[in-house]
1. Name the residue farthest towards the positive end of the dipole of the range 64-120 from the options Ile106, Gly76, Ala87, assuming +1 on Cβ of Lys and Arg, -1 on Cβ of Asp and Glu, about the Cα centre.
2. Positive end of the charge dipole of the chain (Lys, Arg +1 and Asp, Glu -1 on Cβ, about the Cα centre): tell me which of Pro39, Met24, Ile10 has its Cα farthest that way.
3. Check the straight Cα-Cα distances from Lys124 and name the lysines below 18 Å, setting aside those fewer than 8 residues away within the same chain.
4. What is the Cα radius of gyration of the chain over 2.2 N^0.38 Å, N being its residue count?
5. Take the Cα gyration tensor of the range 133-204, multiply each eigenvalue by 5, square-root it, and list the three semi-axes largest first, rounded to whole angstrom.
6. Pull up the DSSP beta bridges for the chain and report the antiparallel fraction as a percent, rounded to 5.
7. In square angstrom, what is the accessible area per residue of the range 45-109 with a 1.4 angstrom probe?
8. Calculate, in whole percent, how much of the Cα-Cα pair population of the range 1-57 lies beyond 13 Å.
Amino acid sequence: MNKQERLAIIRQHYPNAITTNDLMERVIDYFGQELGLEPNQILFADSICADDVNSVQYPARARELLGPFRLGGLDGFPFVGSTGMGAFADHVPDEGAIFIYYGPHIGVSKAGTLGEICRTGQHKPSGSCGAAKAALANLQAGRIMAGQVSEMDYQMNTLEQILLRQKDRILTAISPLHEATEVIYKAIDARIRQLVADTAFRCRYVLLMGAILINGDTDMGSFSTTKQVDLLDLSTGNMLNLSTVFEA
Ligand SMILES: [Zn+2]
């Protein structure tokens, strides 16, 4: 299956998706051409789901950057909190920049089914994001109680609470899983921006890239549809919206 065929499957659900490798290439080009920064001056953090498929399908060119620092837990929510963000901020090279990619993930199988992928060595599809799907199933069954967050399953319970706050919107959507993923994106975006606002960075630029990370079947690789991209210039405090630069 060639790249255009793979993209055609993913774009049934996410029309602006590109491969994560192409996205990473554009990011590296942007830093080089617009900001005069080399990959080894850029400290990279991701806030994506801990799912092993995200490691298997990790874009090769991201390895040219410093990092990644892992900010995320289940479905990409930045569970490392302000301590994690503060530690990460301290690791940036002098005169360097920070790049943060964040968002939930969702599978699209070769058959075009949303929320499912076929993993290496498996003949049956499995869920992606499994945590989001389980939280959605609990929402649909009325099993989520407001404020119920346990130490034993803290990350999952946090996702459940995020969905519970948008219950009607999710349950009445044409695709509840697609909608739940949008809701989780918004929660991640808000939290990342709050963490960034509360953190003292020692560099000039912070590139924030919010996206939906899309997993194909394992051998299809991964894709990304960017939702919002902003370049924060810490010398002026200005935020430059770059969303159109990274669209398909
Ligand atoms: Zn996941």
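1. Ile106
2. Result: Ile10.
3. By straight Cα distance, Lys124 reaches Lys110, Lys133.
4. Values: Rg = 17.8 Å, N = 248, 2.2 N^0.38 = 17.9 Å.
The value comes to 1.00.
5. Working: eigenvalues 144, 51, 15 Å².
For the range 133-204, the ellipsoid semi-axes come out as 27, 16, 9 Å.
6. On the way: 20 of 38 bridges.
Taking every DSSP beta bridge within the chain, about 55 percent pair in antiparallel fashion.
7. Values: 2180 Å² over 65 residues.
About 33 Å² of surface per residue is accessible.
8. Details: 1156 of 1596 pairs.
Above the 13 Å cut-off, the range 1-57 has 72 percent of its Cα pairs.
The values are calculated or read from the model by the stated rules, or taken from the named source; none is laboratory data. Not measured: the values here are computed from a predicted model. In this analysis, Cβ positions are derived from the backbone assuming ideal geometry, glycine residues included, and neighbour counts consider all displayed protein chains. Ligands, DNA and RNA are excluded from the accessible area calculation, which covers all protein heavy atoms including side chains. Shrake-Rupley method; radii C 1.70, N 1.55, O 1.52, S 1.80 Å.
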